[in-house]
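Written out below as structure tokens is the structure these notes cover.
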Amino acid sequence: MRPEILFPLFTPVSTLKGVGPRVAPLIEKIAGSIVRDVLFTAPQSVIRRIATTVDSAVDGQVQTFIVSIDAHQPPSRLGQPWKIRAWDETGFLTLTWFKGHGPHLERQHPPGARRAVSGKVERFGSEIQVAHPEYLLPEERAAEIPEFEPVYSVTAGLPSRTFRRFALEALDRAAELPEWQDPAWKAREAWPGWREAFAAAHNPAGEADVAPLAPHRRRLAYDELLAHQLALAQRKASRRAQPAPRVGPSSLAADAEKALPFKLTGAQIRALSEVRGDLASGERMSRLLQGDVGSGKTVVGMLAVADAAGAGLQSAFMAPTEILARQHYETIAPALTALGLSVVLLTGRDKGAGRANKLAGLANGSHAVAIGTHALFQDDVVFKTLGLSIIDEQHRFGVNERRRLQDKGEGVHLLAMSATPIPRTLELTVFGDLDVSRIDEKPPGRTPVATRAVPMPRLPEIVARLKSAAEGGAQAFWICPLVSESEKIDLCAAEDRAADLRKIIGSSVGLVHGQMPAAEKDAVMADFVDGRVSVLVATTVVEVGVNVPNASIMVIEQAERFGLAQLHQLRGRVGRGARESSCVLLYDLPLSDTAQQRLDILRRSDDGFEIAEKDLELRGGGDPLGLKQSGFPAYRLADPVAHRDLIAVAADDARLILARDPDLTSPRGQAVRTLQELFDWKPTSPQHDAG
Ligand code: ADP
Ligand code: MG
């Protein structure tokens, strides 16, 4: 139940003064639909208005002048601005209005009047201009022009200053709330109270006050992180409380393990025993298997499937692409079939009677395992006794899709897999409600991939080497990025590249891309796996999971456009066999300093987590880690990079709060409930359901 004290913040933005049907949608677009959202939208920066004289006007700066009005110059023809000539003892200043009512301006600012004027200066030769001054006040009111003014990231039709008015009104509506922060911690950090923090955020007195490290910003960030971590911790606890069938280690799995052509690595054994601990607990497993590409996650999943089958339960193993589902089927099915289990592959290509047959087998329990794509989510896919869902490359699936799969059985155990190397510091924000097992060791016998960055003009040299390598039996991936808005254009680039390479290397160059019919795609992939294709030109469809042990060369065009994590994953497609492997990062000139540094990280490191961490440090704008894709929460007050030191503290704090006071009934517990209501991150909130 939302406490009454929050009601004024939980009203529609249209209740703010001056917000009508035109403005409300604009506010909703940048902030959200309720007053709280306006309060939560802190300014991005400040502008400083420098008070000066006309002879010190600087083009492009926001400046304030004290002037006398000299004369009005009405437009000489349509489309010309209304101009006011003004002056101080150092020179003339022209104020212009393209829209605006001239006669009104003339009445308001008659010749001879003394005015304080402020706005962005533009210089055209010797003419100094301020177009549409933001302030034009009688001189005695000059003090009303603030030296610093917050800048909100706004949208067309809603200027920053208008938004600020709404923000200040939202601030007025915010009551002082009971303190939910631990007093000792708050004192140590020298943080203001909650309301005070927002007051400071919306009234910055300089650059430092809009910086993420300002104490009031850190406090608000911490509030948000704490609310989120509480929701995650509660969600985890409630999942745990759901009963699920107890599954013990089975002889089937023991047999499957014995039949493997290799020994499990220490990390795989550890991960498997963590999975088994969950399966045997009687509570629902919600575990993420986190491991670099090629670390061997699949086999851990397969052994869990064997355990489930040993307990008479069906499993669903889901992959994001057709190619990957097929590959999983081809590697897993023989091993499981050898144990007497029936495995089916279910993808979008199954139609008609064939599909009906497979579905019937799943519904009557004669198939123990279904491997497939999104096709597994279809409503008419019914299991007799689904006990385990495995979701490979989990970030590629939406939350609802994952849930739909879990809903196909009672207390279905969930094992998610991911090769997206989330830096440790951020892991808690993405996977705080999952238990995480890390496979941090690669199977033995892998040769490190020699990585080089090469400028595009040296392309012919690379192609020549590729040709001789291909003649020597090597296989290569050649990745063309998806860069333009139009997939068609990108496709052409890939097609052109394939054609170019065919001219030089010959007919063994294949092409695979996302727009191809699944059957064609699979055929090309199969040719590559079997060695009939030596160079596979691809858009990023090979990004995830595909395993071609003989492939030893990875060429990535316009590597500077990819996130490091993605480059690392692509590179992980090679270096899986005995052959010495190499990765060529082709880049367009000129390369920026940061881009250079980023590519250097890849040359030096082979550890996905280290790469992600370094990339984070170099992070510019945007989302180079692909965090959004990975289910990263959209924080509004916390910056997961700038405030990353607070994440673990908030997680500990949340755990401690719930351990001491699980029902949140103590005075602090009550305050914490208010915090949760304020952020609205309920433990059941689907957008944060990583499982
Ligand atoms: P990923 O973690 O990227 O999904 P895979 O499960 O596809 O990795 O494994 C990559 C390759 O490593 C596969 O060919 C698999 O058979 C092999 N592999 C897995 N575990 C081991 C191991 N312990 N020793 C040797 N090879 C292994
Ligand atoms: Mg995999």
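The values are calculated or read from the model by the stated rules, or taken from the named source; none is laboratory data. Here the structure is a predicted model, which means the values were calculated and not measured. So basically every Cβ, Gly included, is an ideal-geometry build from the backbone, and we count neighbours across all protein chains shown. The area values use the complete protein model at the heavy-atom level, side chains included, leaving out ligands, DNA and RNA. Shrake-Rupley method; radii C 1.70, N 1.55, O 1.52, S 1.80 Å.
Using Cα-Cα distances under 8 Å and only pairs 6 or more residues apart, what relative contact order does region 449-605 have, in percent?
33 percent
How about LYS503: which lysines have a C-alpha closer than 20 Å to its C-alpha, ignoring those fewer than 8 places off in the same chain?
Within reach: LYS467.
Give me the mean projected area, in nm² to one decimal, of the convex hull enclosing the Cα positions of the chain.
Value for the chain: 37.5 nm².
Please sort 376-386, 222-232 by packing, taking for each peptide the average over its residues of neighbouring beta carbons within 10 angstrom, highest first.
By packing density, highest mean first, the sequence is 222-232, 376-386.
Expressed as an acute angle from 0 to 90° and rounded to the nearest 10, what is the orientation of the C-alpha long axis of helix 160-173 relative to the principal long axis of the chain?
Computed tilt is about 80 degrees.
By average Cβ neighbour count within 10 Å, what is the ranking of 307-318, 101-112, 39-50 from highest down?
Final packing ranking: 307-318, 39-50, 101-112.
Size of the dipole of region 251-439 about the Cα centre, Lys and Arg at +1 and Asp and Glu at -1 on the beta carbon, nothing else charged, in debye to 20?
Computed about the Cα centre, the dipole is about 240 debye.
Using a 1.4 Å probe on the protein heavy atoms, what percent of the accessible area of the chain belongs to carbon and sulfur?
Ligands and nucleic acids excluded, carbon and sulfur give 53 percent.
Once the dipole of the chain is set up with Lys and Arg at +1 and Asp and Glu at -1 on Cβ about the Cα centre, which of ALA518, LEU272, SER295 lies farthest towards its positive end?
Checked the options; the winner is ALA518.
Which translational diffusion coefficient, to the nearest whole µm²/s, is obtained for region 50-145 from the Stokes-Einstein equation, given a Kirkwood hydrodynamic radius over C-alpha pairs, 4 °C and 1.567 mPa s?
Using the Kirkwood radius from Cα pairs, D works out to 98 µm²/s.
Could you work out the relative contact order of region 133-274, using alpha carbon pairs under 8 angstrom and six or more residues apart, expressed as a whole percent?
Value for region 133-274: 16 percent.
Leaving out ligands and nucleic acids, note down the accessible area per residue over the chain with a 1.4 angstrom probe, in whole Å². Working shown, then result.
Numbers: 29670 Å² over 691 residues.
Normalised by residue count, the accessible surface of the chain is 43 Å².
May I ask you to derive the relative contact order of the chain, considering only C-alpha pairs under 8 Å and at least 6 residues apart, and to give it as an integer percent? Please list the in-between numbers first.
Values: 1268 pairs, mean separation 93.1, N = 691.
Averaging sequence separation for qualifying contacts and normalising by length gives 13 percent for the chain.
Please give the helix 352-363 orientation as an angle from the longest Cα principal axis of the chain, in degrees from 0 to 90, rounded to the nearest 10.
With rounding to tens, the tilt is 80 degrees.
Which whole-number percent of Cα pairs in region 251-439 have a distance greater than 21 Å? Working shown, then result.
On the way: 8214 of 17766 pairs.
Counting pairs separated by more than 21 Å, the tail of P(r) holds 46 percent.
Among the listed pairs LYS297/LYS442; LYS99/LYS120; LYS442/LYS521; LYS83/LYS120; LYS236/LYS614; LYS263/LYS297, which are separated by more than 19 Å between their Cα atoms?
Long pairs (Cα-Cα over 19 Å): LYS442/LYS521; LYS236/LYS614.
Just to be sure I understand the curve: with the Debye formula and one point per C-alpha of region 327-476, what is log10 I(q)/I(0) at q = 0.10, 0.18, 0.22 Å⁻¹?
With one equal scatterer per Cα and no solvent, log10 I(q)/I(0) is -0.58, -1.11, -1.42.
R0 = 41 Å: FRET efficiency of ILE5 with SER273, Cβ-based, nearest 0.05? Let's see the in-between values first.
Values: r = 49 Å, r/R0 = 1.18.
Result of the calculation: an efficiency of 0.25.
If I model a spin label as a point 7 Å beyond the Cα along the Cα-Cβ vector, how far apart are those points for ALA634 and ARG123 in nm?
Result: 4.3 nm between the two label points.
Once Rh is set to the Kirkwood radius over Cα pairs, what Stokes-Einstein translational diffusion coefficient, in µm²/s, holds for region 485-527 at a temperature of 25 °C and a viscosity of 0.890 mPa s?
Details: Rh = 11.1 Å.
In µm²/s, the coefficient is 221.
Count the DSSP beta bridges whose two residues both fall in the chain, then state the antiparallel fraction as a percent rounded to the nearest 5.
For the chain, the DSSP antiparallel bridge percentage is about 40.
Towards the positive end of the charge dipole of the chain, with charges on Cβ (+1 Lys, Arg; -1 Asp, Glu), say which of PHE166, VAL649, GLY248 has the farthest Cα.
After comparing all options, I get GLY248.
Can you tell which of SER534, SER68, GLY157 lies farthest toward the positive end of the dipole of the chain, using +1 and -1 charges on the Cβ of basic and acidic side chains (Lys, Arg; Asp, Glu)?
Selected residue: SER534.
Given Cβ point charges of +1 (Lys, Arg) and -1 (Asp, Glu) and nothing else, what value in debye, to the nearest 20, does the dipole of the chain about its Cα centre take?
Dipole size: approximately 960 debye.
Where does each of 357-369, 137-149 land if you order them by average Cβ count within 10 Å, highest first?
357-369, 137-149
If you keep only loop residues by DSSP, which GluC sites (Glu not before Pro) in region 357-424 have at most 15 other Cβ atoms within 10 Å of their Cβ?
Passing sites in region 357-424 are GLU410.
Placing +1 at every Lys and Arg Cβ and -1 at every Asp and Glu Cβ, with all other atoms neutral, what dipole size does region 449-605 have around its Cα centre, in debye to the nearest 20? All intermediate terms of the calculation are to be shown ahead of the outcome.
Values: 18 positive and 19 negative charges, 109 e Å.
The calculated dipole for region 449-605 is roughly 520 debye.
Show ILE504, ILE69 ordered by accessible area, largest first, where the area counts protein heavy atoms only and the probe is 1.4 Å.
ILE504, ILE69
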